[in-house]
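Down below is the structure, laid out as structure tokens.
Every read-out reported here was derived from the displayed coordinates using simple, explicitly stated rules and does not represent laboratory data. These numbers were taken from a predicted model, which means no experiment stands behind them. Every residue, glycine among them, receives a Cβ derived from its backbone with ideal geometry; neighbour counts consider all protein chains shown.
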């Protein structure tokens, strides 16, 4: 193994780091610093051809490859693999007339948004501008604009990949329908994506922001939130956040975006204006390139312990349960309104997302005792609420598997595609379908 790894330095043109090299421990770390990620080597690929060379070499040497631009979805299932970083695949090409984009595997959502905004267009951004478009799309992808346009993966029209044989290929629904289907939300277990092609959407107007109150107003805020989401048009998305940051008092917030004029948005969000005076209100007309400012998620790596679920209802009983106790030791508890285009037919591994709301909980595992307390709180909340028992792959945490995301028939199909396209298991995803 040692000789094979040393020969990596001449097999690829990009940077290779091995155990003992300066910077190796930093390079192998995922975004979530609570995840221990053991790897045999780290390769920062120069381009798609470099990835093809790496795959060819790995097959010969009997090595597995785990691909991560930044490691936001890392699970630590990387022991003995070569960790492939794709950050240098960072090109963005926009065809405004066709409303199409080609983005490299290392392109973060914020860069695509900035490029598309110049033409009055938008991709389907999530809450963080630093997560890669490709990484999110491989997991299906929940976007601010998903109620209007569905899964992020539903907007993907083609993939540029390196397959397990080391060949560069352009994959579409016509050239390889099974592989195309699997990559549109089935994870990264079947080929290494070097770029994706996706449809862009018109965005002549965007209104959005966060309204924040002390937690004592949570019952009234939740009731207003339920009122808004009960009749919300597909262009309106609203998220409810229960927050308790270290050293601060508990808070409650509503984050919202509307693909339309400010006047229409203010009318739809009027129940919020009838509440107590907020601590802050950042709602405004904004370019789609600034959408990442709404949730203001951290841009530096940090430790976290998460749990996601899908809710079958947010009725009176669920609302009462949600506010029955403080969220501590959690840092945040977020309810996202789904529905709209999410619930419409989708030829993707997960299929239509029919649950009307999602639940996402996050805590900081500062030590083993804190980690146990966070996990226990997340479990207690999930068990007390009406959850469906399934969840998007991007909501899975390190203790879960692909079987927690996909229906049995879809998982069987994914496993068959994996076996046919990568029988030697050269390509290792965060959530292997064979696991």
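Remarks
- Ranked by how many other Cβ atoms sit within 10 Å of their own Cβ, fewest first, the residues 57, 190 fall in the order 57, 190.
- Once the Cα atoms are used to define both axes, helix 218-230 deviates from the longest principal axis of the chain by about 70 degrees.
- Normalised by the number of residues in segment 207-395, the average gap of Cα pairs under 8 Å and 6 or more apart makes the relative contact order 26 percent.
- With the helix formula -39500 (n - 2.57) applied to DSSP H stretches of n ≥ 4, the chain reaches a computed 222 nm mean residue ellipticity of -7500 deg cm²/dmol.
- At R0 = 56 Å, FRET efficiency that the Cβ-Cβ distance of residue 114 and residue 223 yields, to 0.05: 0.90
- Simple spin-label estimate for residue 372 and residue 434 gives 3.6 nm between the two label positions (7 Å along the Cα-to-Cβ direction from each Cα).
- Net lengthening on full extension, residue 248/residue 297 (0.36 nm per residue, minus Cα-Cα): 16.0 nm
- The value of relative contact order for segment 134-250, using C-alpha pairs under 8 Å at least six residues apart, is 26 percent.
- Principal-axis analysis of the Cα atoms of the chain puts helix 368-384 at an angle of about 60° to the longest axis.
- Annotation: for a label point projected 7 angstrom from Cα along Cα→Cβ of residue 321, residues of segment 387-419 with backbone N closer than 12 Å are 387-389.
- A simple packing score, the average count of other Cβ atoms within 10 Å per residue, orders the peptides 257-264, 315-322 as 257-264, 315-322, with the highest score first.
- Neighbour-count order for 59, 13, fewest beta carbons within 10 angstrom listed first: 13, 59
- Going from the residue with the fewest nearby Cβ atoms within 10 Å to the one with the most, 286, 361 rank 286, 361.
- Gyration tensor verdict on segment 271-363 (Cα atoms; rounded if a/c is under 1.5, prolate if a/b is larger than b/c, oblate otherwise): rounded
- Cα shape, segment 2-85, gyration tensor, a/c 1.5 rule: prolate
- Whole-number percent relative contact order across the chain, with pairs defined as alpha carbons under 8 Å at least 6 apart: 17
- A protection proxy built from the mean count of other Cβ atoms within 10 Å ranks the segments 73-83, 345-355, 415-425, most packed first, as 73-83, 345-355, 415-425.
- Part-to-part distance (alpha-carbon centres) for segment 108-141 and segment 373-432, which is given in Å: 23
- If R0 is 41 Å, the Cβ-Cβ spacing of residue 168 and residue 216 corresponds to a FRET efficiency of close to 0.10.
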